Amino acid sequence: MICNAQQNYDAGLIPKPLLAYSSAVVRYSDQEIEVKDLDNTIYHIKEAITVLNKNGDKHAEIAVWHNKSNIIRYIKGAIYNAAGKPVGKFAEKDFEDASAADNSALFEDSRVKHYQPAIIEYPYTVEYEYEIRSKQTLNFYNWEPNPATGVSVEKSVFSFTSKPDFKINYKEINTPNKAVISTSAQGLKTYAWHLDNLRSVKYEPYSPNPEQYLTMVKIAPEKFMYEGISGSFTNWKELGQWVYDKLLLNRDAIPVETVEYIKQLTTGISDPKLKAKKIYEYMQHKTRYVSIQVGIGGYQPFLAADVDKSSYGDCKALVNYTHALLKTADIESWYCIVKSGSRKRSFMADFASMDQGDHVILCVPFKNDTTWLECTSQTIPFGFLGDFTDDRWVLACTPDGGKLMHTPHYAATTNVIRRKADFVIDDKGELSGTMVTAFGGTDYDTRDSFIDESYTEQLKSIREAYPIINMDIEKLEFTKAKSSDAVTTENIKLKAREFAAFNSDKYYFKINLANRADHVPDEVRNRSTDVYINRGYVEEDEISYQLPAGYKPEKILLNQTFDKPFGKYTVSMHLNGQQLVYKRKFQLNDGTYSKDSYQDLVDFYQSVADADAYNMVLVKRN
Amino acid sequence: MKRLLLIITFSISPIVLWAQDFAFGQYSLDEINMQKYSKDTSAHAVVLKEFGKTWLSSAQDIPLIHEYHAKIKIFDSQAFAQGTIEIPIYKIDNNRYEDITNIEAVTYYQDENGQVQKTELNPKNIFHEKKNRYWDVVKFTLPNLHKGCIIEYKYHLETPLRFNFKTWIFQSDIPKMYSEYEAHLPAVYNYNVSLRGPYKLTKNNAELEKDCFAPGGGVSCDCSKITYIMANIPAFIPEDYMTAPKNFISAIYFELSDYTDMNTGAKMKVTKDWKDVDYDMKHDESFGGQIKRSSLMKDRTQSVIAGKTDELSKAKAIYRLIQGNMKWNHFTGWGSEDGIKKAFDNHSGSVADINLCLIAALNSAGINTEAVLLSTREHGVVNKLYPVETDFNYVVAKANIGGKSYMLDATDPLLPFGLLPLDCINDQGRVMNMDKPSYWMDLVAPEKKSRMFALDLTLQDNGKIKGVMTTYSYGYEALDKRKAIKKFNSVDEFVEDFDTKLKKIKILKSEIHNLDSLDMPLSEKYEIEFDAPANMSSNRIPFNPYFIDRIGENPFKLQERNYPVDRGAMYDDKFILTLHLPKEYMVETVPQNVALAMPLQGGRFLVNYEHIEDGLTLSHVTQFNRSIYSPDEYPYLKEMFNKIIQAENTEIVLKKK
């Protein structure tokens, strides 16, 4: 334990470099974990933060998460003025207790006690400490000393203490100092890390995943206890085995009527993949997603029989149920734990721990044709994962233990939005014609999200989706994606009054009417991180305009190409009599690029935005 | 704006066998086979029947009892969310709280073979979540939802808040075929009943119930059993930029005006007229009691008004003191829960804590100040036919100085003296004077969201454009701008960020004035430089003057509008561009001037080009003279934006001589 009793919180003592771009400074942060027993871990958290101005107030709000298995032992704290003199105290009774459940969940046993000190003179310092007793040893808090943007850190320390027979594995990521390991007189073993003087960072667009550049220490037990279930692991194989044996095994029984029904449903289908598709679509039709997380239910699925009865469940329950249905048709499938989200995050190849995932999907290991199923959506095509779980390492929990598997990568050339339109502009400037757009790959659900909406709602959404002035939709149709190469097609017949503004004998309109890129990333001085493009895509537009009779373009027609490793943009315009054809292709390639290429990326987007903003001016032919 | 409020009157007439709750657990084949709701084919679900009943129990503590029962048809999976029910439960304290019992729920659906199946909710799957100090939520979800299924549920709720007779909301996010509410009002309780919204009751009936209310002591009284029925109620579909949905949703409200204490026979007024409310509020410890604590504030304000002689400068000093000394904890309301002393000394409080403290402090300095109760825009319009205390959710100060009144709210440290937050500018407020009767006043913003934006640019021989960009912000624009700047730790950080946001335009020098002089216009001056839009070697240079702050896309895209458009503040924006050219250049063409006005002085849009000796000037004026536009004005509002965007697309052409 590090002694902070005599800490001096005089704000004048903060090193100057820590003040730049800061609204608050963490004077020190001390996070201690002590495993007393397999079902008893004590967290001791102590922090002092100096708030420099009003913007820093939010960093002084204290939030302590707890639930039935993580019990607060005490919270206390004190406030110091600019000179470091104590001016007030606070305790647990000043904290407001609120539900911390996700609003979309039906029930979650998750609560937060929070407190915001109200201080009107800056700078001030809030010092607080609390202890939590956790009844499990499967997951431990990570050490993540890098603060939020706009906050600097003077000192941060982290330690883990246990009896020598409680063995751990740990993973140091970007730690400036290695663990210091010591043994106390009582024989307790302690691992400790520390870090000093971290300056405030500013947000950098297109930055890689935090584990690429921020400091983190993760700790995993060898032997553990969780909600009364014990286990041990040192690698993914063993952890996956534990999940399979203790959380999944024998939870896939389903009523005999359902077994019979599935048999009947798949009669006559010999191709196992087509069988699986039929079963998956039945499951989609039958069930819906409802999240309930209590105790071991956070990790263990409901019984398949319960899902069969109630027709709802969370991701675990629905995956387990789909697995059970497939099993009746002798199709093997694996329960896979994944870190979900549009940003791709993978399980660490060399470090196994239970806290790396937050979602479950199903893998069907057909020979040479591994198929992946997202079981919480009623509409997603069979075999398609979308941008929620694509292209990342996940943990498959099989009867033979766990193994890391990689989900499909949807390349830029798969994620294509292809648009073709034919328009006439009359002498009043009114635009009319048809526009057909196909949305493929991970872009498919930009339209799929309202494909089942009523026509009135679809019209509203489409009007909002396009920047076309005075757009009046005469007809709108969608074609649904139903295979794993997901493509949704939108077909619009439209009119737009005064699309081309007539002014002083000239017409003005935006040549790229549907798809202008107007966002240019901010420039960043002294960028510290590489450029990371999470997902690639392609946009192809071909728009043909019949121009008003007797008028021609006044300015030079666009004909440009910008070609960079991370993307390519080509735009061209051709005039053929009164027909003007505009073609645009934009491609962004996913990947990691050196930090020096960031300015190139900004310039690239600026060039694209300029070209997209091209204002067509028509003048009378002589 | 239409007033969608009317008072219901009824007479008691004995009718035998009036409708009552429909039987639980029954459905018809027509309901099962229903494919669409014929009156709204776009509906994903429809309430087939809904029944509610509220009465005062004769049990101990006289709880109010509310029973609810609904049967809903779900056409497709888009409406599965209707199958998850959340019932908020209010807690006064650990001993007095609402209690929900007898929850029953069932789903009827057709299975794969076309057989109708029934699944009941397992009581194990009813969850009780503690949200915060005041609210819990009881939640459950219906099992076995299928396309075309019918769900049915009911519950029984007991509340100790017996004076808050349950409001009945006829209109919801899905249409309803039939909605019925049965209110049992004891004869010794008198209510003001009002119906909001555009729809009329289909049926409305009252009958007498003998000896229905006997809260002990051997006394009893009769009740009026009143039934309100509405059929074929359309879904309520909110629109962007709308004022409070509560103003428009069809619902029936009950406000208790008085009751007779059955033991003593004394008539107890709850709300009757403003005279009573004035008296009650004045003597309410959380309101009048706090306003009267001026002696307490006297010591605390003495130092800031020392040496000041006129009332206005004293008032400003006190306003700044409260503004700077108290942080708003984001609670609203008009009563101070723990008193202003505690709030002032803890530097933290609710709207009431802060503004009642302000009122007491101003009065302590001899400045005549009244409290104004109001309802924020989000909270809806207040009922003015009779007093409804719960209609108000905010209190501000009205300082009367030298024949003028200044409306003050000290919860936001960046508000200038005399400006209320926009959310408070909502219809009328009730002025509460501690010595005189209360009265209504119009809440009108004294200032607009207004800006003067000038660009004085010179095209240079080297192909660069250099010049000065000046902005003066007033009223709500200055407030917004100050907030934007204060998000940064320093003005330099703001300018650095602004420079980044301007992309190709570089800021060479900057000056910002009056950032902390809140009663003055905020001024910003930037020296800027950027590349001319075209190659200088070409003979003709097209130039679009709207390269900063374009609107670009019409915010109003819908064909129709049902509800008023809330534009926030009245808006006044003037953009002036002066462009100086080198000697060898001249202006070839400029776009046409525009002069557009909305009917009834709703707004104006003007574009005016003028040639000057070495170039041109453009003046571009946009005015929206109302903060709220009626649906009738929507097409004009939309067309204003259309014309603004059209003007933004036009270009000036410069030519080499």
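The values are calculated or read from the model by the stated rules, or taken from the named source; none is laboratory data. The shown structure was predicted, so the numbers you read here are calculated from the model rather than taken from an experiment. Cβ coordinates were reconstructed from backbone atoms using ideal geometry, including for glycine residues, and neighbour counts include every protein chain displayed.
If only one of A:VAL524, A:VAL571 is in contact (Cβ under 8 Å) with a residue 24 or more places away in the chain, under 25 Å from the mean Cα position of the chain (by Cα) and either surrounded by 19 or more Cβ atoms within 10 Å (Cβ to Cβ) or part of a loop (DSSP other than H, G, I, E, B) (or both), which one is it? Matching residue, one of A:VAL524, A:VAL571: A:VAL524.
The number of residues in the stretch A:442-464 that are more than 10 Å from chain B (Cβ to nearest Cβ) and either out of contact with any Asp or Glu (no Cβ under 9 Å at 6 or more places or on another chain) or at pLDDT below 90 (or both) comes to 9. Scanning the stretch A:415-431 for residues that are surrounded by fewer than 19 Cβ atoms within 10 Å (Cβ to Cβ) and not in a strand (DSSP E or B) returns A:ASP426, A:ASP427, A:LYS428, A:GLU430.
Let's see how each residue does on (1) touching a Pro at 6+ places or on another chain (Cβ under 6 Å); (2) closer than 18 Å to A:SER504 by Cβ; (3) not in a strand (DSSP E or B):
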{"position": "B:THR578", "(1), (2), (3)": "no, no, no"}
{"position": "B:GLU588", "(1), (2), (3)": "no, yes, no"}
{"position": "B:PRO591", "(1), (2), (3)": "no, yes, yes"}
{"position": "B:ALA595", "(1), (2), (3)": "no, yes, no"}
{"position": "B:ASN608", "(1), (2), (3)": "no, yes, no"}
{"position": "B:SER619", "(1), (2), (3)": "no, yes, no"}
{"position": "B:GLN623", "(1), (2), (3)": "no, no, no"}
{"position": "B:PRO635", "(1), (2), (3)": "no, no, yes"}
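In the stretch B:487-503, which residue that is at the interface with chain A (Cβ under 10 Å from one of its Cβ atoms) and outside any helix (DSSP H, G or I) is nearest to B:TYR526 (Cα to Cα)? The extreme case among them is B:LYS503.
Enumerate the pairs (first residue in the stretch A:437-456 and surrounded by fewer than 20 Cβ atoms within 10 Å (Cβ to Cβ); second residue anywhere and at pLDDT 85 or above and part of a helix (DSSP H, G or I)) with beta-carbon separation below 6 Å, excluding pairs fewer than 6 apart on the same chain, so at least 6 apart or on different chains. As it stands, the answer is A:PHE450/A:GLN458; A:PHE450/A:SER461; A:ASP452/B:GLN78, since those pairs meet every condition given. Each residue in the stretch A:388-413 was checked for being surrounded by 20 or more Cβ atoms within 10 Å (Cβ to Cβ) and touching a helix residue (DSSP H, G or I) at 6+ places or on another chain (Cβ under 6 Å), and 4 pass. Just one residue in the set B:ALA484, B:ALA410, B:ALA399 is assigned to a strand (DSSP E or B) and aliphatic (A, V, I, L, M); that residue is B:ALA399.
Restrict the check to the stretch A:72-87 and report whether at least one residue is modelled with pLDDT of 95 or more, assigned to a strand (DSSP E or B) and within 14 Å of chain B (Cβ to nearest Cβ). Scanning the stretch A:72-87 turns up at least one residue that is modelled with pLDDT of 95 or more, assigned to a strand (DSSP E or B) and within 14 Å of chain B (Cβ to nearest Cβ). For the stretch A:335-368, a tally of residues being in a strand (DSSP E or B) and under 28 Å from A:ILE168 (Cβ atoms) returns 6. Does the stretch A:593-600 contain at least one residue that is within 14 Å of chain B (Cβ to nearest Cβ), surrounded by 17 or more Cβ atoms within 10 Å (Cβ to Cβ) and out of contact with any Leu (no Cβ under 7 Å at 6 or more places or on another chain)? For the stretch A:593-600, residues within 14 Å of chain B (Cβ to nearest Cβ), surrounded by 17 or more Cβ atoms within 10 Å (Cβ to Cβ) and out of contact with any Leu (no Cβ under 7 Å at 6 or more places or on another chain): present. Suppose we filter A:VAL217, A:VAL256, A:VAL243, A:VAL307 for residues that are of a type outside the set (S, T, N, Q) and within 13 Å of chain B (Cβ to nearest Cβ); which single one remains? None of the other options fit; the residue is A:VAL307. Within the stretch B:131-150, the set of residues being more than 15 Å from B:ILE103 (Cβ to Cβ), over 26 Å from the mean Cα position of the chain (by Cα) and facing chain A (nearest Cβ under 9 Å) comprises B:ASN144, B:LEU145, B:HIS146, B:LYS147.
The requirement of being within 14 Å of chain B (Cβ to nearest Cβ), within 30 Å of B:SER350 (Cα to Cα), surrounded by fewer than 18 Cβ atoms within 10 Å (Cβ to Cβ) and touching a residue at least 24 places away in the same chain (Cβ under 8 Å) is fulfilled nowhere in the stretch A:124-136; no residue meets it.
Residue-wise test of (1) under 23 Å from B:PHE624 (Cβ atoms); (2) in contact (Cβ under 8 Å) with a residue 60 or more places away in the chain; (3) in contact with an Asp or Glu (Cβ under 7 Å, 6 or more places away or on another chain); (4) in a strand (DSSP E or B).
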{"position": "B:SER405", "(1), (2), (3), (4)": "no, no, no, yes"}
{"position": "B:PHE417", "(1), (2), (3), (4)": "no, yes, yes, no"}
{"position": "B:GLY429", "(1), (2), (3), (4)": "no, no, no, yes"}
{"position": "B:ASP435", "(1), (2), (3), (4)": "no, no, no, no"}
{"position": "B:TRP440", "(1), (2), (3), (4)": "no, no, no, yes"}
{"position": "B:VAL444", "(1), (2), (3), (4)": "yes, no, no, no"}
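Yes/no per residue for (1) in a helix (DSSP H, G or I); (2) exposed (fewer than 14 other Cβ atoms within 10 Å of the Cβ); (3) in contact (Cβ under 8 Å) with a residue 40 or more places away in the chain:
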position	(1), (2), (3)
A:THR161	no, no, yes
A:PHE166	no, no, yes
A:LYS178	no, yes, no
A:TYR191	no, no, no
A:TYR206	no, no, yes
A:ALA220	no, no, yes
A:ALA253	no, yes, yes
A:VAL259	yes, no, yes
A:ILE262	yes, no, yes
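Counting the residues of the stretch B:333-349 that are more than 10 Å from chain A (Cβ to nearest Cβ) and free of Cβ contacts under 8 Å to residues at least 60 places away in the same chain gives 10.
Taking the stretch B:151-184 as the range and being within 30 Å of the chain's Cα centre (by Cα) and within 14 Å of another protein chain (Cβ to nearest Cβ) as the test, the residues that pass are B:ASP173, B:ILE174, B:PRO175.
The condition of being of a type outside the set (S, T, N, Q), on the phi > 0 side of the Ramachandran plot and modelled with pLDDT of 95 or more holds for only one of A:TYR226, A:TYR206, A:TYR128, A:TYR124, that being A:TYR206.
If a residue must be aliphatic (A, V, I, L, M), in a loop (DSSP other than H, G, I, E, B) and surrounded by 18 or more Cβ atoms within 10 Å (Cβ to Cβ), how many such residues does the stretch A:538-557 contain? Going through the stretch A:538-557 one residue at a time, the tally reaches 1. Among residues of the stretch B:274-291 that are assigned to a helix (DSSP H, G or I), those with a Cβ under 8 angstrom from a residue that is acidic (Asp, Glu), sequence gap 6+ or separate chain, pair up as B:VAL277/B:GLU389. Out of all the residues in the stretch B:395-411, which are surrounded by fewer than 20 Cβ atoms within 10 Å (Cβ to Cβ) and out of contact with any helix residue (DSSP H, G or I) (no Cβ under 8 Å at 6 or more places or on another chain)? Result: B:ASN400, B:GLY403, B:LYS404, B:SER405. Of all residues in the stretch A:606-615, at least one satisfies being modelled with pLDDT under 95 and part of a strand (DSSP E or B). Taking the stated definitions as given, is B:VAL46 within 14 Å of chain A (Cβ to nearest Cβ) and within 30 Å of the chain's Cα centre (by Cα)? Here the answer is yes, as B:VAL46 does meet what is asked.
Among the criteria (1) within 13 Å of chain B (Cβ to nearest Cβ); (2) over 13 Å from A:ILE132 (Cα atoms); (3) touching a residue at least 24 places away in the same chain (Cβ under 8 Å), the one A:ASN67 does not fulfil is (2). Restricting attention to the stretch A:266-304, the residues that are away from chain B (no Cβ under 14 Å) and touching an Asp or Glu at 6+ places or on another chain (Cβ under 6 Å) add up to 2.
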